[in-house]
Amino acid sequence: MDFLEDLKNAKNKSATVIKHGGVVIFPTDTVYGFLADADNKKAVEKIYKIKKRPRKKPLPVFIKDLKMAKTLAEISKNQGKIIKKYWPGRYTFVLKAKIKNPKLVKNGAIALRVPKYKPLNDLLKKINKPLAQTSANISGQPSLNKITDIIKIFKNKKNKPDLIVSNGNLPKRKASCIIDLTQDKIKYIRK
């Protein structure tokens, strides 16, 4: 496991690790999160193992823009207008999936988000692929925003990330708001 404190160099190193099927812990606009190539089944499975996440819970996906979102989900004109109001930002939208990946899709729906955090947005542009993501913590435990806690929890584990990128301690923030757009009516899953 590598550790990187320089966010300027993190984009290239993180992109290399992700392209080679690795898992990266990276700062986001909410908390620290796990990132992996959403198309790489082994990498996505590795997130589940590290986090000890139940297999029944699909992973949300970071994408670089609405255009990429449309490759993964069905998005009507009306849904597109709603989404454009909130992206980039701390809003995850649950949409009808176009893909059939059980690690990312549940009941025909996929959760997508364009974050609002320049280092992460730059990484998404560089990789130009969807990234499976979830908060960097053990499933059922609180989300982590202190880098010392992340290192302490994941450094000596059998299943651990390939790279941890630090931006120090992140401010305490709420997780992203989750909005279900799979039905005619907008439904808030998490505010």
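The values are calculated or read from the model by the stated rules, or taken from the named source; none is laboratory data. Quantities reported herein were computed from a predicted structural model and do not represent experimental measurements. We place every Cβ from the backbone using ideal geometry, glycine too, and count neighbours over all the protein chains shown.
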Could you list, ordered by first residue, the pairs with Cβ atoms under 9 Å in which the first is in the stretch 17-32 and farther than 14 Å from THR134 by Cβ and touching a residue at least 24 places away in the same chain (Cβ under 8 Å) and the second is assigned to a loop (DSSP other than H, G, I, E, B) and β-branched (Val, Ile, Thr), at least 6 apart or interchain? VAL17/VAL23
Filter the stretch 66-94 down to residues that are of a type in the set (D, E, K, R) and either outside any helix (DSSP H, G or I) or at positive phi (or both) and give me whichever is surrounded by the fewest Cβ atoms within 10 Å (Cβ to Cβ). GLU74
Failed criterion for LYS129 (all others in (1) of a type in the set (D, E, K, R); (2) over 19 Å from HIS20 (Cβ atoms); (3) in contact with a strand residue (DSSP E or B) (Cβ under 9 Å, 6 or more places away or on another chain); (4) at pLDDT 95 or above hold): (2)
Would you check which residues across the stretch 91-105 are modelled with pLDDT of 95 or more and not aliphatic (A, V, I, L, M) and list them? TYR91, THR92, PHE93, LYS96, LYS98
Of (1) surrounded by 13 or more Cβ atoms within 10 Å (Cβ to Cβ); (2) of a type outside the set (Phe, Trp, Tyr); (3) more than 27 Å from GLY80 (Cβ to Cβ), PRO142 fails just (1)
Could you tell me which residue of the stretch 20-39 is nearest to ILE147 (Cα to Cα), considering only residues that are part of a loop (DSSP other than H, G, I, E, B) and acidic (Asp, Glu)? ASP29
Members of the stretch 90-111 that are within 15 Å of ALA175 (Cβ to Cβ) and either in contact with a Phe, Trp or Tyr (Cβ under 9 Å, 6 or more places away or on another chain) or among the aliphatic types (A, V, I, L, M) (or both): PHE93, VAL94, ALA111
Please enumerate the residues belonging to the stretch 33-46 that are in contact (Cβ under 8 Å) with a residue 40 or more places away in the chain, of a type outside the set (D, E, K, R) and surrounded by fewer than 19 Cβ atoms within 10 Å (Cβ to Cβ). none
Would you check if there is a residue in the stretch 61-72 being over 24 Å from LYS187 (Cα atoms) and in contact with a Phe, Trp or Tyr (Cβ under 9 Å, 6 or more places away or on another chain)? no
Where a residue in the stretch 1-16 is surrounded by fewer than 12 Cβ atoms within 10 Å (Cβ to Cβ) and modelled with pLDDT under 90 and its partner, wherever it lies, is assigned to a strand (DSSP E or B) and of a type outside the set (A, V, I, L, M, F, W, C), with Cβ under 8 Å and at least six apart: none
Looking only at the stretch 40-65, and only at residues there that are assigned to a loop (DSSP other than H, G, I, E, B) and among the hydrophobic types (A, V, I, L, M, F, W, C), the one that is nearest to LYS84 (Cα to Cα): ILE63
